[in-house]
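All remarks here apply to the structure that follows.
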Amino acid sequence: MSNRITDFKGVIPAVISVFDKDENLDEAGTRAFIRHLLSYPIGGLYITGSTGETFLMTPEERKCQVEIVMEEVGDKVPVVVHVGAMSTRTTIELAKHAEKCGAAGVSSVPPFYFKFNEEQIIGYYRDVAEATSLPMIVYNIPLAGMMSVETIVKLSQIENVKGVKYTGTALYETALMRESCKPSFQIYGGCDELGSSNIALGVDGIIGSFYNCIPDLYLRIWDAVKRSDVAAATEMQCKAVHVIMAGIHSGSMMACIKLWLRAAGIPAGYARRPFTNFTPEEQKTLVQELVAIDEQDGLGLDIVKRIKAQ
């Protein structure tokens with residue numbers, strides 16, 4: 001049992017937010033889904049991030065989500081709360097709330113939409129990092145504009161900035177960050193498609209969207225790399241990509257992940273507009289596709305076992 005950022009390691013789901021059909025935050029569904037994730041030996045939870053549709057939520061809804069999750073988790077695993085917002089003021093408000101709720105750390109995308117320069121970005125992270133005692137995990141993702149390795153190194157020198165979630169595909173940059181930042185600086189791989197490669201590079205953890213629905217597969221990948229069975233890890237990763245591509249090509253990735261979970265009897269709710277959900281016929285096709293991938297690749301996924309048992 002721990003709530004320390006140093007224990008935020010291993011396979012870490014970037015948790016979905018459970019909305020009902022009317023797009024309201026579903027407290028009972030959220031609690032049940034968190035209990036489902038905690039039934040696996042995951043290394044932590046990353047909440048109210050991109051996968052959590054955080055930018056489609058009000059600050060009040062984000063706070064409510066944090067309160068529900070923290071009550072359900074207790075000190076079972078460390079929880080990092082994404083607090084990024086368009087304004088530093090709102091981000092600090094969310095960070096202080098996360099601290100009050102007992103989070104292990106906070107995370108944030110850089111300020112986006114307007115083209116902020118490096119000085120302004122560093123100022124943003126410094127302001128947020130100094131506003132609470134919580135460790136800050138910088139979130140580097142193309143959707144918000146990728147920061148350079150040089151900028152990440154500068155950010156790592158801020159006292160309370162303790163790590164980075166790197167959702168980029170240039171793996172050499174991960175190696176550069178490991179080499180250039182202090183040894184205690186924690187690095188997390190954020191691309192589900194590169195899970196095995198990131199683990200092999202020695203990241204502290206992998207944080208991803210599809211770990212909501214196939215955590216068992218990524219736990220096997222993590223274990224295979226750690227026991228130096230590169231061939232097994234690579235094979236499983238390639239098969240994991242088949243699942244990921246099916247979700248991405250569905251046209252509404254968040255809705256697809258939630259659909260698969262619902263089909264397995266796991267409360268996951270629906271995507272919030274402007275994301276779209278699926279018609280009954282589309283749902284049937286997407287579930288059949290997941291089952292077919294599992295059978296063809298011999299994955300034995302828990303979610304497919306649950307679907308077949310429904």
Taking the Cα centre of each part, how many Å lie between region 263-296 and region 101-142? 34 Å
Relative to the Cα centre, what is the charge dipole magnitude of region 161-310, using +1 at the beta carbon of each Lys and Arg, -1 at the beta carbon of each Asp and Glu, and rounding to the nearest 20 debye? 560 debye
What residue among Ser107, Ser180, Ser209 has the largest mean-square fluctuation in a Gaussian network model of the chain, using Cα springs under 10 Å? Ser180
Only bridges whose two residues both fall in the chain count here: according to DSSP, what percent of them are antiparallel, nearest 5? 5 percent
How much net charge surrounds Arg31 when only other residues with a Cβ under 10 Å from its Cβ are counted (Lys, Arg +1; Asp, Glu -1)? -3
Take the Cα pairs of the chain, get the Kirkwood Rh, then feed it into Stokes-Einstein at 37 °C and 0.692 mPa s and tell me D in µm²/s. 168 µm²/s
Which lysines have a Cα less than 27 Å from the Cα of Lys165, not counting those fewer than 8 places away in the same chain? Lys9, Lys63, Lys76, Lys96, Lys100, Lys115, Lys154, Lys182, Lys226, Lys239, Lys258
log₁₀ of I(q)/I(0) at q = 0.11 Å⁻¹ - region 195-310, Debye sum with one point per alpha carbon: -0.37
Rounded percent of accessible protein surface that carbon and sulfur make up, region 1-128, 1.4 Å probe: 51 percent
How large is the accessible surface per residue of region 102-243, computed with a 1.4 Å probe and reported in Å² as a whole number? 40 Å²
Who wins for biggest fluctuation among Met245, Met136, Met146 in a Gaussian network model of the chain, springs between alpha carbons below 10 Å? Met245
Mean Cβ-within-10 Å packing, highest first, puts peptides 77-90, 275-288 in the order 77-90, 275-288
Accessible area of region 210-310 belonging to carbon and sulfur atoms, whole % at 1.4 Å probe: 55 percent
Surrounding charge for Gln157, neighbours by C-beta under 13 angstrom, Lys/Arg +1, Asp/Glu -1, total +2
Please work out how much length the chain gains when fully extended from Glu71 to Ala170, using 0.36 nm per residue of separation minus the C-alpha to C-alpha distance, in nm with one decimal. 31.9 nm
Under a GNM of the chain (C-alpha, springs under 10 Å), which listed residue has the highest mean-square fluctuation: Val11, Val241, Val164? Val241
Once whole DSSP H runs in the chain are found, which of them have Cα atoms spread over 18 Å or more along the helix axis and a mean Kyte-Doolittle score of at least -1.0? 59-73, 88-101, 118-131, 230-248, 280-297
Size of the dipole of region 134-219 about the Cα centre, Lys and Arg at +1 and Asp and Glu at -1 on the beta carbon, nothing else charged, in debye to 20? 240 debye
Kirkwood Rh and Cα Rg combined as Rg/Rh, region 1-146: 0.95
Cα-Cα pairs in region 133-278 separated by more than 20 Å, as a whole percent of all pairs, come to 54 percent
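The values are calculated or read from the model by the stated rules, or taken from the named source; none is laboratory data. Fair warning: this is a prediction, and the values are worked out from it, not measured in the lab. For neighbour counting, all protein chains shown are included, and Cβ atoms are generated from backbone atoms with ideal geometry for every residue, glycine included. Keep in mind that these areas ignore ligands, DNA and RNA; they rest on the heavy atoms of the full protein, side chains included. Shrake-Rupley method; radii C 1.70, N 1.55, O 1.52, S 1.80 Å.
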